[in-house]
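Here's the structure we're looking at; comments come further down.
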Amino acid sequence: MKITSNRYFKLLTIIVVIAPYSIAVADSSTSNSALSLINQMEYASTHLNYKGVFVYLRNDQLKAIHVVHKVDKYGEYERLTSLNGPPREIIRDKESITHIFPNRKENIEGDFHSGNNFLRNFSKKLKDISKYYQFSIGKKNRVAGRETQEIIVIPSDPYRYGYHLWVDPNTGLLLKSIMIGEDNRPLEQVMFISLSLPTQISQQELLPTIVGKRVSQKREDKSIKSDLESQEESHWKIDWLPLGFTLVAYGKHLLPNSQIPVEHLAYSDGLGSVSVFIESAIDNHQSHLHGFSTLGAINAYGTTLSKHYLTVVGDIPHAAVEKIGKSIRYIN
């Protein structure tokens, strides 16, 4: 079953704002070069000005997005503009993320902006999960007219995805990535087709270029991140998670057009992430996912338990999402 529910995309917007991404490197002689390149990626993604166009392929849908990324002493700024399909735009600054679309009936969809998340977000905890992924150096290749070095990321079990990354060793920028699923199938591909690195980018280039409905979110929800201890008061327990996945965020949210709070638990191994949403089913007439659904690399599993709707959503394989969902239980 394909994911088409607007409610599912509303859940995704919470994930996009807080879900952390990081990379770990296996401790072996063959991974030393990979470690060096990944350290460069971490720095480049947050310290360089760049402009360009990247394409994002998922579910046989190809999207082209223009990006302007600026860094100064005050922080990071970014504008993402869709070049095909419905006109949409995302403006990021150090405090918020604003989505703009001319069609006022349109909803935020994860596939427009998630393609750039993997290009941008890397944690400093590079050695924390070396037992769950192995890193090695692959072949050299040209991407966007630049020489790049391939890094191969292999998961240690079937509960997480692998990756092929192409990094420009001169700048440290990640110019291409392929997420690898079961049977070595590519699930998502992101690739720059043009890129420039100007020393200066004006604020004018970061202003919106389209007019329409605006939806803004805090870029980092500090109240969630600082509320991990309150998770101990939750009446829900997850009995199984893939090795290395730990709780990274906890909170309760009101989804758009809803008055019923949703309990949210987010877990990550530093590279993959999964969220569990728990919502009371009492007097709630909105549609909810029952069973499985998929959107590219994103898998979801929904069920009902103890008069609550449970939804598990993550960029992890189907088997992991199912196993997590079936391990959830209610504690009096």
Under Karplus coefficients 6.51, -1.76 and 1.60, residue-wise ³J(HN,Hα) of the stretch 157-164 in Hz, glycine/proline x: 8, x, 9, 8, 8, x, 9, 10
Cβ crowding within 10 Å averaged over residues, with 184-191, 140-147 ranked highest first: 184-191, 140-147
Added length on full extension, which subtracts the Cα-Cα distance from 0.36 nm per residue, residue 252 to residue 136: 37.8 nm
Two-site label geometry, residue 59 and residue 154: point separation in nm, points 7 Å out along Cα→Cβ: 3.2
Stretch gain in nm, segment residue 48-residue 292, where the contour uses 0.36 nm per residue and the Cα spacing is subtracted: 83.8 nm
Mean Cβ count within 10 Å, highest first, over the residues of peptides 272-282, 69-79, 173-183: 272-282, 173-183, 69-79
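Here, each number is a calculation from the coordinates, and none is a lab measurement. Small disclaimer: the values here were computed from a predicted structure and weren't measured. No Cβ is skipped: glycine too gets one built from the backbone with ideal geometry, and neighbour counts run over all protein chains shown.
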